[in-house]
Amino acid sequence: MKIYRIIGVLALLMVLSFTANAQKNYKLEADVAFSGSKYYKAIEMYKKAYTKESKASVKAEILFQIGECHNRKNEGKEAAVWYSKSIKAMYEDPIALFHLAEIYRAQGKYEEAIAHYKKYKAAKPTDKRADMGIKSCESAVEWKDNPTRTVVNPMPLLNSEDYDFSPVYADKKNQSIYFTSTRQGAAGAEVSDVTGMNFSDIYTSKRDKKGKWSEPTLLNETVNSPASEGASCLNKKKNTIYFTRCGVEEKGVMGCSIMWAKKAGQKWGQPEAIPIAADTFTVGHPAISGDDLTLVFASNMPGGLGGKDLWYITYNKKAKVWSEATNLGADINTAGDDMFPFIRDNGELYFSSNGRIGMGGLDIYKATSTGVNQWSAVENLQYPLNSQAHDFGIVFEPNQERGFLTTGRDGGKGGDDLWEFYVPPKVFSLEGVVKDVVTGEIIANASIKLIGTDGSSAEATTDAEGRFFFKENGPDTRYINEETSYNLVVSKKDYLNAKGNETTIDLEVSKNFFHEYVLQPVIGEVIKLPLIEYEYNKADLRPNSKDSLNYLYNIMIDNPTIVIQLRSHTDFRGSASYNQKLSQRRAQSCVDYLVKEKGIDAARIKAKGMGEAEPIKGADGVVLDEKFIKTLKNKADVEAAHQRNRRTDFKVLNSDYVPKTAAPEGTPEN
């Protein structure tokens, strides 16, 4: 009888144990952990729930939730696996397609992303996020194909295999920084149920005279605590710190607040919380204005436009209190997350968002100051400051185009890493070659004078290969500067001067300019002029002929010592005597225009009527004389040949004229 009692008790215990296990709801526990942002813990509970669940729709939901946990832990690769499993398991909400598209975009797989955005759009045609995602992918490809001048590099001496983010300059000389990290050695000894990693703390590092960063060390215990410390900022004097602190309850997030502390000697004093919102909300990522009176931050408190918004509070010096929080509004905030603000010394607001056209994840944006605590005209900083991964936590060195940012892109040491960035100076140079216009041969020892609108000037001489260069002008300067226009004058004895111009105004990238100049020999050469036309059987200039004579005017201004013979020609029709007189009158009309209307000294220009004496030679070497023209059968060809003979040209008689007065007023026409 006793043995039966024992067996009965054991059986009862087994039943009670089975009942207890059957009653344990792993999915419910996982959902509770998820709602408390304990994603690391929730993943384990969801996996247990999946093995116990038999209903297909619930199993699909669990797969999706595991993907959600990984996604919120910024583990895109793992999240994509679980989202794909949920889609395959016929999870009913198409949002899984959207999340998968977002992850593909964050991985730089833009074609796959577009395909999934289109699938989501087909299932949810009213959701405009699909259109924005497609536009983001297209923009990302364009930005990568046309990068800005910014250079970004990882900081291996500062980064760890864990998460390192949100750097700020910590001293007036900008030689030390603070940043947040989850690396080993944190003040909190526990592991977060949110991330599965150490709680984050604020670290510091200093740069030596050679630019090498020291081993990062923890700030003193008043700042770092058993909780998680996050993004920080310092005032202009570097004697007040504002930083994020997230409380914990059973290793989960209880809420985040902004703390502040004053410098006490070489360490920070006891921090105090700035009362902004209830501790059930997230308030963090502080950015202080240059006058210490405005604090911009990120929060998910009620009254926002989406996930996390940017807000600001102002400080009343007399009352020594902060104002109520004000949302920065729709010019800045979106339906997504808008976080990690930074106020630059020029008043610009920088922040990160996943609610705008971007390359993937969080992108960094710039907004222009439009008034007191007002910003608008938001611009994406594009590639390479932004990447397909998360990019956030940017900080500029005061009055410089360099600083640090946080990024999760490839090339770092672990999770998110600190990278440096700088905008190299735009480097411009100018080079060229000088040749003889008649022979095509190079001209050595030609002189090139460079004159800039910034008051600079320089000279160069062509080498044995006819080349000249304007590049470096000492170790730290150059001949060709930004936002400057230049005139060039090329000269060589027994040649006409040549002129040119170049500009760097509005150029966004470095450039090497190349110019080829051809110089006209002056002595003995007949130099052609643009077509100069006359009324039939008249010597009066047509209006467009005056425009052509301005070409010769420019030559004479550019070469102030030459004396020329201006020659006018006719065709062979009419008597030779008449043609001679007509050509002389035509030549004189050109001289009169240049002397009387343009101010050229009459001693520098002689009129010479050539009549029909010098028919022109065609490109094929055939002389268009009377004998040849009479062989032409087509009337149009005959008239064209006559027109070519009715021309004006000039010769340089000498180049030793000494100007009597200053050059005529007026700007040469190009």
Quiz item: Only one of these conditions is not met by residue 363: (1) surrounded by fewer than 18 Cβ atoms within 10 Å (Cβ to Cβ); (2) of a type in the set (D, E, K, R); (3) closer than 22 Å to residue 104 by Cα. Which number is it?
Solution: (1)
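Within the stretch 315-343, can you find the residues that are part of a strand (DSSP E or B), farther than 22 Å from residue 397 by Cα and either outside the structural domain of residue 403 (by TED's automatic domain parsing) or of a type in the set (Val, Ile, Thr) (or both)?
321, 326 - these are the residues of the stretch 315-343 that are part of a strand (DSSP E or B), farther than 22 Å from residue 397 by Cα and either outside the structural domain of residue 403 (by TED's automatic domain parsing) or of a type in the set (Val, Ile, Thr) (or both).
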Quiz item: Taking the stretch 527-558 as the region of interest, how many residues are touching a strand residue (DSSP E or B) at 6+ places or on another chain (Cβ under 6 Å) and surrounded by 13 or more Cβ atoms within 10 Å (Cβ to Cβ)?
Solution: 4
Practice problem: Run down 83, 110 and say which single residue is of a type in the set (Ser, Thr, Tyr) and in contact with a Cys (Cβ under 7 Å, 6 or more places away or on another chain). | Solution: 110
Quiz item: Going by the conditions given, is residue 438 touching a strand residue (DSSP E or B) at 6+ places or on another chain (Cβ under 9 Å), at pLDDT 95 or above and farther than 22 Å from residue 382 by Cα?
Solution: no
Quiz item: Name the pairs: first residue in the stretch 493-509 and farther than 25 Å from residue 437 by Cα, second residue assigned to a strand (DSSP E or B) and small (Gly, Ala, Ser), Cβ to Cβ under 6 Å, at least 6 apart or on different chains?
Solution: 503/485
Quiz item: Restricting the search to the stretch 196-217, which residues are in a loop (DSSP other than H, G, I, E, B) and modelled with pLDDT under 85?
Solution: 196, 197, 199
Quiz item: Restricting the search to the stretch 601-658, which residues are touching a strand residue (DSSP E or B) at 6+ places or on another chain (Cβ under 9 Å) and small (Gly, Ala, Ser)?
Solution: 603, 607, 609, 611, 613, 655
Quiz item: Taking residue 406 and the conditions (1) hydroxyl-bearing (Ser, Thr, Tyr); (2) assigned to a strand (DSSP E or B); (3) closer than 30 Å to residue 494 by Cβ, which numbered condition does it fall short on, given that it satisfies the others?
Solution: (3)
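Under the condition of being within 30 Å of residue 426 (Cα to Cα) and hydroxyl-bearing (Ser, Thr, Tyr), which residue from the stretch 491-536 is modelled with the lowest pLDDT? I'd like the intermediate steps shown before the answer.
So in the stretch 491-536, the residues within 30 Å of residue 426 (Cα to Cα) come out as 491, 498-518.
Cutting the leftovers down to hydroxyl-bearing (Ser, Thr, Tyr) gives us 491, 503-504, 510, 517.
Numbers: 491: 94, 503: 97, 504: 96, 510: 89, 517: 96.
Taking the candidates together, the pick is 510.
Condition test on residue 589, is it surrounded by 15 or more Cβ atoms within 10 Å (Cβ to Cβ), out of contact with any Cys (no Cβ under 8 Å at 6 or more places or on another chain) and under 30 Å from residue 500 (Cα atoms)?
On the way: surrounded by 15 or more Cβ atoms within 10 Å (Cβ to Cβ): yes; out of contact with any Cys (no Cβ under 8 Å at 6 or more places or on another chain): yes; under 30 Å from residue 500 (Cα atoms): yes.
Yes, satisfied.
Every residue in the stretch 268-286 that is closer than 14 Å to residue 303 by Cα and either in a strand (DSSP E or B) or of a type in the set (Asp, Glu) (or both), please.
Passing the criteria: 282, 283.
A quick yes/no check of all residues on (1) free of Cβ contacts under 8 Å to residues at least 40 places away in the same chain; (2) assigned to a loop (DSSP other than H, G, I, E, B); (3) over 23 Å from residue 158 (Cα atoms); (4) hydroxyl-bearing (Ser, Thr, Tyr):
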site: 345; (1), (2), (3), (4): no, yes, yes, no
site: 351; (1), (2), (3), (4): no, no, no, no
site: 358; (1), (2), (3), (4): no, yes, yes, no
site: 361; (1), (2), (3), (4): no, yes, yes, no
site: 370; (1), (2), (3), (4): yes, no, yes, yes
site: 379; (1), (2), (3), (4): yes, no, yes, no
site: 395; (1), (2), (3), (4): no, no, no, no
site: 399; (1), (2), (3), (4): no, yes, yes, no
Exercise. Could you please let me know if residue 57 is part of a helix (DSSP H, G or I) and not assigned by TED's automatic domain parsing to the domain that holds residue 163?
Key: yes
Quiz prompt | Pair list, Cβ < 7 Å and 6+ apart or interchain, from the stretch 626-651 residues that are at negative phi and free of Cβ contacts under 8 Å to residues at least 12 places away in the same chain to residues that are of a type outside the set (Lys, Arg) and part of a helix (DSSP H, G or I) | solution = 632/638; 632/641; 638/629
Practice problem: Identify, by number, the condition in (1) of a type in the set (Asp, Glu); (2) touching a Ser or Thr at 6+ places or on another chain (Cβ under 6 Å); (3) within 16 Å of residue 224 (Cβ to Cβ) that residue 331 doesn't meet. | Solution: (3)
Exercise. Just need a number here: residues in the stretch 170-195 that are in a strand (DSSP E or B), more than 22 Å from residue 286 (Cβ to Cβ) and at pLDDT 90 or above.
Key: 0
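Conditions (1) among the aliphatic types (A, V, I, L, M); (2) buried (at least 23 other Cβ atoms within 10 Å of the Cβ), marked per residue:
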| position | (1), (2) |
| --- | --- |
| 310 | yes, yes |
| 331 | no, no |
| 344 | no, no |
| 351 | no, yes |
| 397 | no, no |
| 406 | no, yes |
| 412 | no, no |
Quiz item: Is one or more of the residues making up the stretch 305-326 of a type in the set (Ser, Thr, Tyr) and closer than 25 Å to residue 101 by Cβ?
Solution: no
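Consider residue 485 carefully, then state whether it is out of contact with any Ser or Thr (no Cβ under 7 Å at 6 or more places or on another chain) and surrounded by fewer than 18 Cβ atoms within 10 Å (Cβ to Cβ).
Judged against the criteria, residue 485 is not a match.
Give the residues of the stretch 414-435 that are among the acidic types (Asp, Glu) and in a strand (DSSP E or B), sorted by residue number.
As a first pass, look at the stretch 414-435 and keep what is among the acidic types (Asp, Glu): 416-417, 420, 431.
Listed by number, the residues that qualify are 417, 420, 431.
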Quiz prompt | Any hit, the stretch 605-628, residues being surrounded by 20 or more Cβ atoms within 10 Å (Cβ to Cβ) and within 58 Å of the chain's Cα centre (by Cα) | solution = yes
Quiz item: Looking only at the stretch 460-485, which residues are assigned to a strand (DSSP E or B) and out of contact with any Leu (no Cβ under 7 Å at 6 or more places or on another chain)?
Solution: 460, 461, 467, 468, 469, 472, 478, 485
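The values are calculated or read from the model by the stated rules, or taken from the named source; none is laboratory data. Fair warning: this is a prediction, and the values are worked out from it, not measured in the lab. Neighbour counts run over all protein chains shown; Cβ positions are idealised from the backbone, glycine included.
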